[in-house]
Amino acid sequence: MESAATYERTRARVEHYFDRTATRTWERLTSDAPVSGIRATVRAGRDRMRAVMLAQLPDDLSGARILDAGCGTGAMAVELAARGADVTAIDISPALIDIARRRCPADLQSRITFEAGDMLSPDLGAFDYALGMDSMIYYGADDIASALGRLAPRLAQSFIFTLAPRTPLLMAMWRAGQLFPRADRSPTMVPHNVRGIQRAMRKAEVPGSLRAIERVNSGFYISSALEFRP
(Lines give C-alpha, C1' and ligand atoms only; values in the text may rest on other atoms or scores of the structure.)
Protein backbone atom coordinates (compact mmCIF):
# COMPACT_ATOMS: atom_id res chain seq x y z
CA MET A 1 0.00 0.00 0.00
CA GLU A 2 1.23 3.49 -0.88
CA SER A 3 0.31 4.92 2.52
CA ALA A 4 2.32 2.25 4.30
CA ALA A 5 5.29 2.92 2.01
CA THR A 6 5.24 6.68 2.60
CA TYR A 7 4.90 6.12 6.34
CA GLU A 8 7.97 3.89 6.32
CA ARG A 9 10.01 6.39 4.31
CA THR A 10 9.07 9.27 6.59
CA ARG A 11 9.74 7.19 9.70
CA ALA A 12 13.22 6.39 8.40
CA ARG A 13 14.01 10.10 7.93
CA VAL A 14 12.73 10.93 11.40
CA GLU A 15 14.76 8.10 12.93
CA HIS A 16 17.93 9.34 11.22
CA TYR A 17 17.36 12.87 12.52
CA PHE A 18 16.67 12.00 16.15
CA ASP A 19 19.04 9.07 16.54
CA ARG A 20 22.03 10.32 14.54
CA THR A 21 21.82 14.05 13.93
CA ALA A 22 20.13 15.82 16.82
CA THR A 23 20.35 13.62 19.91
CA ARG A 24 22.43 16.13 21.87
CA THR A 25 20.23 19.02 20.75
CA TRP A 26 17.09 17.33 22.03
CA GLU A 27 18.75 16.11 25.19
CA ARG A 28 19.62 19.71 26.02
CA LEU A 29 16.29 21.13 24.86
CA THR A 30 14.35 18.76 27.12
CA SER A 31 16.51 19.48 30.17
CA ASP A 32 16.87 22.58 32.32
CA ALA A 33 20.22 23.50 30.74
CA PRO A 34 20.57 27.03 29.31
CA VAL A 35 19.53 27.31 25.65
CA SER A 36 19.25 30.06 23.05
CA GLY A 37 16.28 32.40 22.96
CA ILE A 38 14.70 30.56 20.03
CA ARG A 39 15.07 27.18 21.68
CA ALA A 40 13.75 28.60 24.94
CA THR A 41 10.46 29.39 23.18
CA VAL A 42 10.35 25.83 21.85
CA ARG A 43 11.01 24.43 25.32
CA ALA A 44 8.27 26.60 26.86
CA GLY A 45 5.84 25.65 24.12
CA ARG A 46 6.49 21.95 24.55
CA ASP A 47 6.02 22.24 28.32
CA ARG A 48 2.70 24.01 27.78
CA MET A 49 1.56 21.44 25.20
CA ARG A 50 2.41 18.55 27.50
CA ALA A 51 0.26 20.15 30.20
CA VAL A 52 -2.62 20.62 27.73
CA MET A 53 -2.48 16.97 26.70
CA LEU A 54 -2.24 15.66 30.25
CA ALA A 55 -5.25 17.80 31.22
CA GLN A 56 -7.42 15.68 28.90
CA LEU A 57 -6.86 12.61 31.08
CA PRO A 58 -8.12 11.85 34.62
CA ASP A 59 -5.90 12.97 37.47
CA ASP A 60 -5.98 9.44 38.88
CA LEU A 61 -4.80 6.94 36.26
CA SER A 62 -4.40 3.98 38.59
CA GLY A 63 -4.90 0.78 36.62
CA ALA A 64 -4.86 2.53 33.23
CA ARG A 65 -2.56 1.30 30.49
CA ILE A 66 -1.22 4.17 28.41
CA LEU A 67 0.90 4.39 25.26
CA ASP A 68 3.33 7.31 25.06
CA ALA A 69 3.86 7.26 21.31
CA GLY A 70 7.10 9.02 20.46
CA CYS A 71 8.13 9.48 24.08
CA GLY A 72 11.43 11.23 23.36
CA THR A 73 13.37 11.75 26.57
CA GLY A 74 10.48 10.58 28.73
CA ALA A 75 8.90 13.65 30.39
CA MET A 76 5.32 12.68 29.47
CA ALA A 77 5.80 9.07 30.52
CA VAL A 78 7.09 10.12 33.94
CA GLU A 79 4.08 12.37 34.57
CA LEU A 80 1.67 9.62 33.50
CA ALA A 81 3.36 7.10 35.78
CA ALA A 82 3.24 9.58 38.66
CA ARG A 83 -0.57 9.58 38.25
CA GLY A 84 -0.59 5.80 38.66
CA ALA A 85 -0.64 4.63 35.02
CA ASP A 86 1.24 1.68 33.58
CA VAL A 87 3.04 3.28 30.65
CA THR A 88 4.55 1.86 27.49
CA ALA A 89 6.90 4.61 26.31
CA ILE A 90 8.16 4.00 22.79
CA ASP A 91 10.33 6.06 20.49
CA ILE A 92 11.89 5.43 17.13
CA SER A 93 15.26 6.61 18.46
CA PRO A 94 17.23 4.20 20.68
CA ALA A 95 19.46 7.12 21.70
CA LEU A 96 16.48 9.07 23.09
CA ILE A 97 15.19 5.95 24.83
CA ASP A 98 18.56 5.61 26.57
CA ILE A 99 18.24 9.20 27.84
CA ALA A 100 14.66 8.54 28.98
CA ARG A 101 15.73 5.47 30.96
CA ARG A 102 18.50 7.43 32.68
CA ARG A 103 16.16 10.27 33.60
CA CYS A 104 13.34 8.11 34.93
CA PRO A 105 12.97 8.46 38.73
CA ALA A 106 13.76 5.24 40.57
CA ASP A 107 10.35 5.08 42.23
CA LEU A 108 8.56 5.12 38.85
CA GLN A 109 10.72 2.70 36.89
CA SER A 110 8.43 -0.25 37.58
CA ARG A 111 5.51 1.63 35.98
CA ILE A 112 7.23 2.52 32.70
CA THR A 113 8.38 0.18 29.96
CA PHE A 114 10.74 2.01 27.59
CA GLU A 115 11.10 0.57 24.10
CA ALA A 116 12.76 1.61 20.86
CA GLY A 117 10.57 0.87 17.87
CA ASP A 118 7.43 1.71 15.91
CA MET A 119 4.67 3.39 17.89
CA LEU A 120 2.07 1.64 15.71
CA SER A 121 3.33 -1.91 16.29
CA PRO A 122 0.42 -4.24 17.21
CA ASP A 123 2.85 -6.15 19.42
CA LEU A 124 2.52 -3.34 21.98
CA GLY A 125 -1.00 -4.52 22.78
CA ALA A 126 -4.12 -2.57 23.78
CA PHE A 127 -4.36 0.68 25.75
CA ASP A 128 -6.88 2.82 27.57
CA TYR A 129 -5.29 6.01 26.26
CA ALA A 130 -2.49 6.97 23.90
CA LEU A 131 -0.60 10.24 23.64
CA GLY A 132 1.63 11.42 20.83
CA MET A 133 3.27 14.81 21.33
CA ASP A 134 4.90 15.98 18.11
CA SER A 135 5.31 12.40 16.88
CA MET A 136 2.79 12.73 14.00
CA ILE A 137 3.86 16.13 12.70
CA TYR A 138 6.02 14.83 9.84
CA TYR A 139 3.31 12.74 8.14
CA GLY A 140 0.77 13.47 5.43
CA ALA A 141 -2.99 13.27 5.98
CA ASP A 142 -3.32 9.79 4.47
CA ASP A 143 -0.55 8.44 6.69
CA ILE A 144 -2.16 10.02 9.78
CA ALA A 145 -5.55 8.55 8.92
CA SER A 146 -3.93 5.16 8.41
CA ALA A 147 -2.19 5.45 11.78
CA LEU A 148 -5.48 6.28 13.51
CA GLY A 149 -7.07 3.29 11.83
CA ARG A 150 -4.30 1.01 13.08
CA LEU A 151 -4.62 2.33 16.62
CA ALA A 152 -8.42 2.32 16.81
CA PRO A 153 -8.99 -1.41 17.48
CA ARG A 154 -6.49 -1.33 20.37
CA LEU A 155 -7.72 1.85 22.04
CA ALA A 156 -10.46 1.93 24.69
CA GLN A 157 -10.73 5.69 25.23
CA SER A 158 -8.80 8.24 23.15
CA PHE A 159 -5.60 9.23 21.39
CA ILE A 160 -4.40 12.76 22.18
CA PHE A 161 -1.84 13.96 19.64
CA THR A 162 -0.43 17.08 18.06
CA LEU A 163 -0.13 18.39 14.52
CA ALA A 164 1.41 21.50 13.03
CA PRO A 165 -1.45 23.88 12.14
CA ARG A 166 -1.75 25.35 8.68
CA THR A 167 -1.17 29.03 9.43
CA PRO A 168 0.54 31.76 7.37
CA LEU A 169 2.95 32.53 10.22
CA LEU A 170 4.08 28.94 10.63
CA MET A 171 4.47 28.48 6.88
CA ALA A 172 6.68 31.59 6.76
CA MET A 173 8.78 30.26 9.65
CA TRP A 174 9.29 26.94 7.89
CA ARG A 175 10.41 28.73 4.74
CA ALA A 176 12.90 30.73 6.75
CA GLY A 177 14.23 27.52 8.26
CA GLN A 178 15.13 29.20 11.54
CA LEU A 179 13.99 26.67 14.12
CA PHE A 180 17.41 25.02 14.42
CA PRO A 181 20.81 25.55 12.82
CA ARG A 182 21.16 23.82 9.44
CA ALA A 183 23.24 20.95 10.84
CA ASP A 184 20.50 19.71 13.18
CA ARG A 185 17.29 20.99 11.64
CA SER A 186 14.40 18.56 11.92
CA PRO A 187 12.66 16.80 9.01
CA THR A 188 10.00 18.91 7.32
CA MET A 189 6.77 19.20 9.28
CA VAL A 190 3.51 18.88 7.33
CA PRO A 191 0.79 21.46 8.13
CA HIS A 192 -2.78 20.24 8.65
CA ASN A 193 -6.22 21.28 9.75
CA VAL A 194 -8.89 19.09 11.34
CA ARG A 195 -11.09 19.01 8.26
CA GLY A 196 -8.26 17.69 6.12
CA ILE A 197 -7.59 14.82 8.52
CA GLN A 198 -11.32 14.10 8.76
CA ARG A 199 -11.50 13.86 4.96
CA ALA A 200 -8.59 11.44 4.95
CA MET A 201 -10.30 9.38 7.68
CA ARG A 202 -13.48 9.14 5.62
CA LYS A 203 -11.49 8.18 2.53
CA ALA A 204 -9.76 5.41 4.47
CA GLU A 205 -13.00 4.42 6.23
CA VAL A 206 -11.48 4.97 9.66
CA PRO A 207 -14.16 4.85 12.37
CA GLY A 208 -14.26 7.44 15.11
CA SER A 209 -14.32 11.17 15.74
CA LEU A 210 -11.66 13.87 15.68
CA ARG A 211 -11.78 17.22 17.45
CA ALA A 212 -9.43 20.12 18.06
CA ILE A 213 -8.47 20.76 21.69
CA GLU A 214 -6.12 23.74 21.85
CA ARG A 215 -3.38 25.49 19.91
CA VAL A 216 -0.13 26.45 21.63
CA ASN A 217 1.81 29.43 20.28
CA SER A 218 5.19 30.00 21.90
CA GLY A 219 7.66 31.81 19.66
CA PHE A 220 9.02 29.18 17.30
CA TYR A 221 6.78 26.45 18.71
CA ILE A 222 3.31 26.37 17.17
CA SER A 223 1.29 23.18 17.55
CA SER A 224 -2.31 22.03 17.83
CA ALA A 225 -3.60 19.30 20.14
CA LEU A 226 -6.32 17.01 18.81
CA GLU A 227 -8.35 14.14 20.25
CA PHE A 228 -9.25 11.00 18.32
CA ARG A 229 -11.92 8.69 19.74
CA PRO A 230 -12.49 5.38 17.95
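The values are calculated or read from the model by the stated rules, or taken from the named source; none is laboratory data. What you see is a predicted model; the values in this text were computed from it and never measured. When we count neighbours, we look across all protein chains shown, and the Cβ atoms used for this are built from the backbone with ideal geometry, even at glycine. Keep in mind that these areas ignore ligands, DNA and RNA; they rest on the heavy atoms of the full protein, side chains included. Shrake-Rupley method; radii C 1.70, N 1.55, O 1.52, S 1.80 Å.
Couplings 3J(HN,Hα) of segment 120-128, computed from phi: 9, 4, x, 5, 6, x, 9, 9, 6 Hz, in residue order, whole Hz [Karplus 6.51 cos²θ - 1.76 cosθ + 1.60, θ = phi - 60°; x for Gly and Pro]. Once the Cα-Cα distance is subtracted from the 0.36 nm per residue extended length, the A106 to Q56 segment shows a gain of 15.4 nm. The helix-based estimate of mean residue ellipticity at 222 nm for the chain, built from -39,500 (n - 2.57) per DSSP H run of four or more residues and divided by its residue count, is -11500 deg cm²/dmol to the nearest 500. Taking the charge dipole of the chain about its Cα centre, with +1 at Lys and Arg Cβ atoms and -1 at Asp and Glu Cβ atoms, the residue from F220, A156, G72 reaching farthest to the positive side is F220.
Here segment 1-229 is treated with +1 on each Lys and Arg Cβ and -1 on each Asp and Glu Cβ, and its dipole about the Cα centre works out to around 820 debye. Surface composition of the chain: carbon plus sulfur atoms hold 50% of the accessible area, using a 1.4 angstrom probe and ignoring ligands, DNA and RNA. Rg and Dmax, both from the Cα atoms of segment 1-156 and both in Å, are 15.3, 45. For the chain, report the accessible area per residue in Å² (1.4 Å probe, heavy atoms, rounded to an integer). That works out to 47 Å² per residue.
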